[in-house]
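Worksheet: one structure, shown below.
The values are calculated or read from the model by the stated rules, or taken from the named source; none is laboratory data. Note that the structure is predicted; figures quoted are calculated from it, not measured. Please note: Cβ atoms are built from the backbone with ideal geometry, for glycine as well, and neighbour counts cover all protein chains shown. What goes into the accessible areas is simple: the full protein's heavy atoms, side chains included, and nothing from ligands, DNA or RNA. Shrake-Rupley method; radii C 1.70, N 1.55, O 1.52, S 1.80 Å.
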Amino acid sequence: GGADSVMVITGPNAGGKTIALKTAGLLLLMALSGIPVPAGETSVFPLVDSLLADIGDEQSIESSLSTFSAHVANMASIMGGAGGRSVVLLDELGTGTEPLQGAALACSVLQELQEKGALVIATTHLTDIVGFVHLREGMVNASMEFDRETFTPLYRLKRGEPGQSHALEIARRYGIPGPVIERAHGMLGRMET
């Protein structure tokens with residue numbers, strides 16, 4: 001329903017997750033500045049005191065450790081400043097470290113921000129986060145729509161449904177040789193059982 005205060009967007013790389021996050025932030029700042037916003041007439045923007053964001057550059061050449069520690073420092077700062085009149089944007093939540101620990105930390109951060117009353121939009125690739133959000137009241141999964149025939153993004157946000165990463169199909173599309181993709185499919189089958 002309309003009471004959800006946390007939205008987590010999942011889906012493929014290059015599918016528009018970060019664009020959705022940045023667009024939400026930009027439109028909010030425009031609305032708060034009195035600039036007309038290209039949105040439907042039923043759109044509502046919250047009156048907030050702060051917009052807090054951790055949006056990294058995926059093309060970074062930093063090591064995972066330094067990227068992760070930078071993310072953690074940002075999140076600590078965001079949690080310190082977040083409250084009932086904050087909007088928080090978190091990109092690539094839980095990445096840069098071992099996936100299970102990254103997901104556990106991410107879920108705990110989401111819960112903390114929710115309890116502080118902040119409105120949160122986050123993106124992630126981690127399925128464990130999707131499961132947590134699905135079970136938690138006031139949180140909703142969303143995805144970026146994808147054309148399954150051509151494996152191209154449609155840049156439309158879909159509430160209530162987590163996305164899939166389609167990593168192997170995208171890798172094939174960008175030139176990873178067929179045999180390597182097939183072997184990865186085989187390994188995936190064994191890992192999922």
Query raised in the report: Just checking, which of A53, A104 is more than 24 Å from F146 (Cα to Cα), at pLDDT 90 or above, surrounded by 14 or more Cβ atoms within 10 Å (Cβ to Cβ) and touching a strand residue (DSSP E or B) at 6+ places or on another chain (Cβ under 7 Å)?
Result: A53
Query raised in the report: Can we say T150 is modelled with pLDDT under 85 and open to solvent by 30 Å² or more (accessible area, probe 1.4 Å)?
Result: yes
Report task. Kindly indicate whether any position in region 93-105 is within 23 Å of G160 (Cβ to Cβ), in contact with a Lys or Arg (Cβ under 7 Å, 6 or more places away or on another chain) and in contact (Cβ under 8 Å) with a residue 40 or more places away in the chain. Result -> no
**Report entry** All positions within region 9-24 that are touching a Ser or Thr at 6+ places or on another chain (Cβ under 6 Å) and not in a helix (DSSP H, G or I)
**Finding:** I9, T10, G11, P12
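Out of region 129-140, which residues are in a helix (DSSP H, G or I) and either surrounded by 18 or more Cβ atoms within 10 Å (Cβ to Cβ) or within 12 Å of the chain's Cα centre (by Cα) (or both)? I'd like the intermediate steps shown before the answer.
Residues of region 129-140 in a helix (DSSP H, G or I): 129-135.
Selection gives I129, V130, F132, V133.
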Query raised in the report: Give me the pairs: first residue in region 1-29 and of a type in the set (D, E, K, R), second residue assigned to a loop (DSSP other than H, G, I, E, B), beta-carbon distance under 7 Å, and six or more apart or on different chains, which are they?
Result: D4/G138; K17/G11; K22/I55
Query raised in the report: Mind checking whether some residue in region 131-140 is under 22 Å from F68 (Cβ atoms) and touching a helix residue (DSSP H, G or I) at 6+ places or on another chain (Cβ under 7 Å)?
Result: yes
Query raised in the report: What tally of residues in region 83-100 results from selecting those that are at pLDDT 95 or above and open to solvent by 10 Å² or more (accessible area, probe 1.4 Å)?
Result: 4
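May I ask you to verify whether H185 is in contact with a Leu (Cβ under 9 Å, 6 or more places away or on another chain), at negative phi and either part of a helix (DSSP H, G or I) or of a type in the set (A, V, I, L, M, F, W, C) (or both)?
yes
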Report task. Six or more apart or on different chains, Cβ under 6 Å: which pairs go from a residue in region 172-185 that's of a type in the set (F, W, Y) to one that's open to solvent by less than 100 Å² (accessible area, probe 1.4 Å)? Could you list them? Result -> none
Query - Residue that is without any contact (Cβ under 8 Å) to a residue 24 or more places away in the chain and of a type in the set (D, E, K, R), where the choices are R136, R159, R148 - result: R148
Requested in this report: Scan region 74-82 and give yes if some residue there is open to solvent by less than 40 Å² (accessible area, probe 1.4 Å), of a type in the set (A, V, I, L, M, F, W, C) and at pLDDT 95 or above, otherwise no.
Outcome: yes
Query raised in the report: Within region 156-193, can you find the residues that are closer than 24 Å to T123 by Cβ, open to solvent by 60 Å² or more (accessible area, probe 1.4 Å) and modelled with pLDDT of 90 or more?
Result: R156, L157, K158, R159, I176
